């Protein structure tokens, strides 16, 4: 009996839950990357864009950052509640939630530490012109796997200075992906 339990514990420890936090500026390829990595590791993927589109787009009258971020934070709470359940079952989770700021990334990293999980930050890096072209292409093609809403030039330029590039310490358990 003790041998069976030891083998079971060993099997579970081989499959430790993973939390991958995907970050990058607008148009870096976060959703495409998240879809790929989730498939590769067998993870549940959460993307903020469809949540915001489905829950709040009809209520948005202008691009008001404080209005928007308050609703993003509401989504974060609900997404984490489900993610936590998956992680506690040794499942994998990929979060494609924008993570514009270090504070947002740190918040989810701290939540993961509460579950004894070292989150992985995957930073997608791409030149601004490349990202702008990707956004224009996505807006035209409207591929449902990556398109939730049109990102206008105004929105792209509005978000550009708000993005905080992760430092080396944040990337200690993660990676930079030159997209």
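The values are calculated or read from the model by the stated rules, or taken from the named source; none is laboratory data. The shown structure was predicted, so the numbers you read here are calculated from the model rather than taken from an experiment. Backbone-built Cβ (ideal geometry, glycine too); neighbour counts: all protein chains shown.
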Neighbours by Cβ (under 6 Å, 6+ apart or cross-chain): first from the stretch 124-138, assigned to a strand (DSSP E or B); second surrounded by fewer than 16 Cβ atoms within 10 Å (Cβ to Cβ): 125/176; 125/178
Of all the residues that make up the stretch 141-171, how many are assigned to a loop (DSSP other than H, G, I, E, B), over 12 Å from residue 24 (Cα atoms), at pLDDT 80 or above and out of contact with any helix residue (DSSP H, G or I) (no Cβ under 6 Å at 6 or more places or on another chain)? 7
How many residues are more than 17 Å from residue 159 (Cβ to Cβ) and in contact with a helix residue (DSSP H, G or I) (Cβ under 7 Å, 6 or more places away or on another chain) when one looks only at the stretch 14-42? 5
Answer with yes or no whether residue 116 is surrounded by fewer than 20 Cβ atoms within 10 Å (Cβ to Cβ), out of contact with any strand residue (DSSP E or B) (no Cβ under 9 Å at 6 or more places or on another chain), outside any helix (DSSP H, G or I) and touching a residue at least 60 places away in the same chain (Cβ under 8 Å). no
In the list 129, 84, which residue meets the criterion of being over 13 Å from the mean Cα position of the chain (by Cα) and over 15 Å from residue 44 (Cα atoms)? 129
Check the stretch 61-77 and report whether any residue there is in a loop (DSSP other than H, G, I, E, B), surrounded by 18 or more Cβ atoms within 10 Å (Cβ to Cβ), under 11 Å from the mean Cα position of the chain (by Cα) and in contact (Cβ under 8 Å) with a residue 12 or more places away in the chain. no
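Condition check ((1) at pLDDT below 90; (2) more than 20 Å from residue 79 (Cβ to Cβ); (3) not in a strand (DSSP E or B)) across all residues:
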| residue | (1), (2), (3) |
| --- | --- |
| 6 | yes, yes, yes |
| 10 | yes, yes, yes |
| 22 | no, no, no |
| 33 | no, no, yes |
| 44 | no, no, no |
Look at residue 93 and say whether it is within 28 Å of residue 60 (Cβ to Cβ), in contact (Cβ under 8 Å) with a residue 12 or more places away in the chain and surrounded by 12 or more Cβ atoms within 10 Å (Cβ to Cβ). yes
For the stretch 46-61, check the following and say yes or no: at least one residue is modelled with pLDDT of 90 or more and closer than 27 Å to residue 171 by Cβ. yes
All positions within the stretch 78-111 that are in a helix (DSSP H, G or I) and more than 18 Å from residue 167 (Cβ to Cβ): 78, 79, 80, 81, 82, 83, 84, 85, 86, 87, 88, 111
